[in-house]
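Each value in this text was obtained by applying a stated rule to the coordinates, not by laboratory testing. Fair warning: this is a prediction, and the values are worked out from it, not measured in the lab. All Cβ positions, even for glycine, are placed from backbone atoms using ideal geometry, and neighbour counts span all protein chains on display.
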Amino acid sequence: MNRKPVLIAACLAGLSGMSSAQELPADDAARGYKAYTHHLCDTCHGTVGQGGERGAGPRIAPGVWPYPAFAQQVRKPRLVMIPYSEKTLPEQELVDMHAYLRTIKNPAAAKDVPLLKDF
Ligand code: HEC
């Protein structure tokens, strides 16, 4: 019996398994807001990611980092931020948080706000 096709099929299945493991679960911004506040990200980064007082945490939205960099920072922070492991912060909550942060848009320009026009 020729076992090659079986071996190749098994390898392909393994490879496709690997790639699907890297696919992210569907996200939900409303759940993400809850996770963002539940895990106290807002205490350092502000409710809408605007950054915390007295340099507690930098501004992270609008313009949140792409997901891989965002996830890397949360799992293995560059400097003094506390790390969040998969155990405390499951991947589902992390993708939801990222979805929430993506919904945050820039505020209107001063020239487009009637009250600020004369300043
Ligand atoms: C105790 C304060 C604190 C908490 C809580 C915190 N962070 Fe941070 N975060 C920081 C600081 C300080 C930095 C600057 C880089 C560093 O120290 O690693 C940072 C950096 C970041 C960055 C990179 C932005 C940049 O420009 O450096 C992201 C993204 C981020 N945090 C997301 C989160 C998320 C999501 C959570 C909640 C799961 C969270 N942080 C909780 C303090 C905090």
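Scan region 100-119 residue by residue and report those that are of a type in the set (Lys, Arg) and either part of a loop (DSSP other than H, G, I, E, B) or on the phi > 0 side of the Ramachandran plot (or both).
Residues satisfying the conditions are Lys105, Lys117.
Exactly one condition in (1) in a helix (DSSP H, G or I); (2) within 10 Å of the ligand (Cβ to nearest atom) is false for Leu79; which is it?
(1)
Of all residues in region 58-71, which are farther than 19 Å from Lys34 by Cβ and near the ligand (Cβ under 9 Å from one of its atoms)?
Pro58, Arg59, Trp65, Ala69
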